[in-house]
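Worksheet: one structure, shown below.
Every number here is computed from the coordinates shown, using simple stated rules; none is lab data. Treat the numbers as computed from the prediction; the structure is a model and nothing was measured.
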Amino acid sequence: MQQELTELLGSSKVSTSREDLATHATDKWNFSAPPEVVVFAESTTDVAATLRFAHQRKIPVTTRGAGIGYVGGAVPIQGGIVLSVARMNEILELSPPDGLTVVQPGVITRTLQDAAAKEGWYYPPDPASLKECSLGGNIATNAGGPRCLKYGVTKNYVMGLEVVLADGTITRVGGRCHKNKTGFSLTELFVGSEGLLGVVTEATLRLIPHPPRRAMLTATFARFPDAAAAVQDILNSGHLPSALEITDAFTLQAARDYLGADSLPEGEAHLIVEIDGRHSAVESELPEIKDRLTQSGALSIETHRDDQACEAVWQLRREFSYSLRATGLTKLNEDIVVPRSKLVELVEFAQTLANDTGIPVACFGHAGDGNIHVNLMVEDYDDEEKKKPADEALDQLFNWVLVNKGAITGEHGVGLAKKRWFPQAVGEANLDLHQSVKKAIDPDGILNPDKFLG
């Protein structure tokens with residue numbers, strides 16, 4: 001296969017080196033499977049040629065962007081070809097007059113945000129890994145981030161896509177218009193499809209004017225329920241922050257151990273409230289929200305009035321994951337979602353789960369939309385005797401989430417990690433519909449096989 005692909009694409013685009021195979025065998029999840037060959041596509045033509053080759057020979061193809069996923073979505077479970085689009089990393093067009101940008105899938109999310117900001121425009125989706133993750137991966141998982149409370153997730157910014165189908169056919173869905181009701185909404189069909197339906201080779205993304213000002217309030221509370229109540233109070237009082245992030249006691253203690261005891265004020269819950277907009281609007285909103293936090297029982301409140309101060313807080317927030325890893329435990333990061341009114345019940349359930357199983361549970365994340373990252377902190381997860389109770393605890397977590405009308409993933413996707421809960425999450429009729437769509441577009445099942453529809 002390597003020789004044929006080399007003849008087709010050129011030697012610089014095809015590799016079977018031990019290093020490349022190992023790198024492309026896994027993502028950020030704890031499972032790996034090596035491909036037979038890695039193709040480094042540099043154009044839509046390369047992608048189409050590779051898929052035609054694979055289609056004719058029924059060879060499985062797993063598409064990969066930056067490899068930053070947390071659910072094994074880019075793991076080539078059946079070997080075959082890993083099709084990397086990391087070299088397709090150009091911003092092809094930045095058009096403020098049309099309120100859009102055209103990008104290749106390998107562009108890093110932060111790179112686009114910075115380029116748009118220089119023009120006074122804004123691409124809001126902001127996954128925590130935005131300095132590393134690629135836009136193609138964001139599209140594949142419909143990634144979100146803290147600011148999706150106000151601005152929405154990736155799908156809300158995808159206007160059009162160029163997609164290569166399993167047989168190598170190149171097609172375009174959507175377009176450059178902000179309103180477009182021509183036929184089925186096929187653009188959203190590919191957004192979030194996790195590489196099972198086609199390979200995105202170009203994306204037309206919506207940009208909005210950049211807010212001229214942002215500011216932030218951070219607060220600590222004696223108890224998690226007090227912080228959760230403050231979230232509801234802020235929203236009920238008519239405010240719509242760009243982000244509302246909540247953190248529990250376990251995560252805060254891990255952060256203090258890792259970053260220093262004085263890195264965070266005392267308290268067993270922490271809240272980040274970011275606002276943006278016109279200067280006058282932000283100035284008037286800051287004291288109003290501070291008053292809501294005070295009335296909700298905040299132990300401490302800090303105001304951060306400019307970009308630099310806000311970025312320092314976000315950097316602290318990003319350190320929470322590293323703080324949990326520094327405990328020496330394996331972090332099973334589950335991006336579950338519950339109705340916002342269930343936040344306190346979720347954390348209470350997580351604490352009960354920890355007490356019953358002896359597995360610490362850390363909760364933090366996007367309180368404004370109920371997307372809380374519930375992290376099971378497992379000792380020696382590679383040990384089968386300790387892996388089994390951890391997996392049973394995950395089963396309890398996902399069952400509780402589904403019973404309470406939640407979702408098993410908000411932004412990471414299903415991939416391999418959550419595959420066994422997918423039928424329960426969507427139901428029989430919905431599962432049949434997924435399989436029908438998959439069979440219609442990829443009848444031989446060569447695209448990212450053995451994932452949630454495998």
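Kindly flag which residue pairs out of LYS342/LYS386; LYS181/LYS405; LYS28/LYS418; LYS28/LYS150; LYS58/LYS439; LYS28/LYS331 have an alpha-carbon separation exceeding 20 Å in this structure. Beyond 20 Å: LYS342/LYS386; LYS181/LYS405; LYS28/LYS150. Each residue of segment 279-285 is assigned a 3J(HN,Hα), and the resulting list reads 4, 5, 5, 5, 4, 6, 7 Hz, derived from the Karplus form 6.51 cos²θ - 1.76 cosθ + 1.60 (θ = phi - 60°), x at Gly and Pro. Amide H contacts of GLY160: GLY175, THR204, each under 5 Å away and 5 or more positions distant or on a separate chain (H built 1.01 Å from N in the peptide plane; Pro and chain starts excluded). The Kirkwood radius of segment 254-394, taken over pairs of alpha-carbon atoms, gives through the Stokes-Einstein law at 37 °C and 0.692 mPa s a diffusion coefficient of 191 µm² s⁻¹. When the alpha carbon gyration tensor of segment 91-209 is reduced to an equivalent ellipsoid, its three semi-axes come out at 21, 16, 13 angstrom, largest first.
Across segment 376-392, computed HN-Hα scalar couplings (Karplus, 6.51 cos²θ - 1.76 cosθ + 1.60, θ = phi - 60°) run 7, 9, 10, 7, 6, 5, 6, 7, 4, 5, 9, 5, 4, x, 5, 5, 5 Hz from first to last residue, x flagging Gly and Pro.
Pair-distance distribution of segment 1-140: all C-alpha pairs, bin width 10 Å, starting at 0; shares per bin in whole percent are 12, 39, 31, 15, 3. Only Cα pairs under 8 Å and 6+ residues apart enter the sum, and on that basis the relative contact order of segment 112-176 stands at 22 percent. Over the chain, DSSP H runs of length four or greater, each weighted -39,500 (n - 2.57), average out per residue to a 222 nm ellipticity of -11500 deg cm²/dmol. Against the chain, whose longest principal axis comes from its Cα atoms, helix 249-259 is set at around 80 degrees.
Separation of segment 418-433 from segment 195-213 is 28 Å, based on Cα centroids.
As a size descriptor, the averaged projected area of the C-alpha convex hull of the chain was calculated at 21.6 nm². Against the main long axis of the alpha-carbon atoms of the chain, helix 109-118 sits at an angle near 70°. Using only alpha-carbon positions in segment 384-441, the gyration tensor eigenvalues give semi-axes of 24, 14, 10 Å once each is multiplied by 5 and square-rooted (largest first).
Ellipsoid fit via the Cα gyration tensor, segment 2-84: semi-axes of 21, 12, 12 Å, each the root of five times an eigenvalue, largest first. Taken one residue at a time, the phi angles of segment 45-59 give Karplus couplings (6.51, -1.76, 1.60, θ = phi - 60°) of 4, 4, 4, 4, 5, 5, 6, 4, 4, 5, 4, 5, 10, 6, 8 Hz. Gly and Pro are set to x.
Volume per residue for segment 336-454 equals 116 cubic angstrom (convex hull of Cα atoms).
Against the main long axis of the alpha-carbon atoms of the chain, helix 307-325 sits at an angle near 70°.
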